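Enquirer: Quick one: the structure is below, questions incoming.
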Amino acid sequence: MVRIVPFLIIVLQIYCIYHAYKNNASFYWFLGIIFFPLIGCVAYLYITHAHKINIDNIEEGVKGLVHSDYQIQKMEKAVRSADTLNNKIRLADAYIDNQSYTQAVDLLSAALSGANKDDVGIQKRLIKAHYLSEDFDKAITYGNNIRNNSLFAQSDEKIAYARALQYQGQLKEADTVFQEMDLRFVNYKHRLEYCNFLIETDQPTAAKLKLETLLDEFEQMDKHEQRAKKGAYRAIQKLYGTL
């Protein structure tokens with residue numbers, strides 16, 4: 001192994017000299033690489049490679065900050081270049097994140113056709129986009145379509161479906177949907193939303209009992225599970241403290 005090290009340094013030295021020559025590097029780089037092979041090569045590679053990558057990343061980030069729709073424009077271009085479902089999904093997600101719900105709905109609705117007319121992933125995103133734009137009837141329609149699908153059963157979009165039912169006055173149905181997600185030792189985000197729903201619909205006693213059940217579950221977990229779910233635990237404790 002020791003014998004290989006000098007050989008690797010020589011190879012690295014040759015590469016750096018070649019790269020420096022090809023890119024018209026300063027004369028001082030050649031001196032450093034030749035007379036101080038290891039230090040000179042490491043410094044040269046850092047300045048010309050790692051540093052450049054960092055600068056490129058910073059420039060890309062700045063473009064994203066200065067032009068809030070920069071990444072979306074890139075995705076729109078990708079869709080025009082390759083009109084694939086994956087590209088459309090990525091763009092629709094970006095539209096939703098950017099609160100451009102109308103664009104997201106238009107894109108997803110157009111994609112929900114042909115071989116993809118029953119696609120669960122597209123309909124889940126349509127539920128989310130319609131819910132966030134407060135078009136609760138449409139969110140409910142798509143929720144009804146995929147309610148019994150396993151890919152929808154424990155998803156965040158099912159929370160939006162339950163909330164849409166609530167905001168349209170279908171409280172009993174919303175409660176039933178929340179109960180479908182109320183499974184022990186899992187779905188803490190969903191179950192916390194259920195507790196909020198119970199509070200908002202004037203059922204504080206039921207909410208308190210449910211929160212106590214959740215807190216009891218945390219007490220039964222091992223330390224590793226508790227650490228993994230500490231964010232949910234704190235949110236549950238905080239809500240419990242308000243009752």
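Enquirer: Which numbered condition in (1) assigned to a helix (DSSP H, G or I); (2) outside the structural domain of L239 (by TED's automatic domain parsing); (3) not hydrophobic (A, V, I, L, M, F, W, C) is the only one that E134 fails?
Expert: In the conditions (1) assigned to a helix (DSSP H, G or I); (2) outside the structural domain of L239 (by TED's automatic domain parsing); (3) not hydrophobic (A, V, I, L, M, F, W, C), E134 misses (1) alone.
Here's the yes/no breakdown for (1) within 28 Å of Y188 (Cβ to Cβ); (2) under 19 Å from the mean Cα position of the chain (by Cα):
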| residue | (1), (2) |
| --- | --- |
| K88 | no, yes |
| L112 | no, no |
| I140 | yes, no |
| N144 | yes, no |
| R147 | yes, no |
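Enquirer: Still on this structure: Would you pick out the residues in region 157-200 that are of a type in the set (G, A, S) and either outside any loop (DSSP other than H, G, I, E, B) or touching a Pro at 6+ places or on another chain (Cβ under 8 Å) (or both)?
Expert: Hits for region 157-200 are A160, A162, A164, A174.
The values are calculated or read from the model by the stated rules, or taken from the named source; none is laboratory data. All of these numbers come straight from a predicted model, not from anything done at the bench. So basically every Cβ, Gly included, is an ideal-geometry build from the backbone, and we count neighbours across all protein chains shown.
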